[in-house]
């Protein structure tokens with residue numbers, strides 16, 4: 001198998017993923033793949049890139065972590 005760039009499984013579009021995992025019998029090149037209405041457009045896994053999701057408070061994210069709401073009591077050793 002020859003990859004175009006990195007060997008990253010999340011780059012495989014949904015139609016091909018179904019065929020590769022033997023959940024459908026016909027490859028998308030032989031039959032038109034029609035995504036369901038509820039499906040979002042395919043995106044590769046952006047982890048480790050500048051496009052990765054970084055919530056507030058993340059080491060690599062911007063902004064500050066939201067304040068605690070008071071419904072959490074941290075564990076203290078020996079108490």
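Nothing in this text is a laboratory measurement; each read-out follows from the coordinates by a stated rule. On a predicted model such as this, the values are computed, not experimentally measured, just so you know. Quick reminder, even Gly has a Cβ in these numbers, built from the backbone with ideal geometry, and neighbours come from all protein chains shown.
What the pair-distance distribution of the chain shows, using all Cα-Cα distances binned every 10 Å from zero, is 13, 27, 23, 17, 14, 6, 1 percent.
With a Förster radius of 22 Å applied to the C-beta separation of residue 36 and residue 59, the computed FRET efficiency comes to 0.05.
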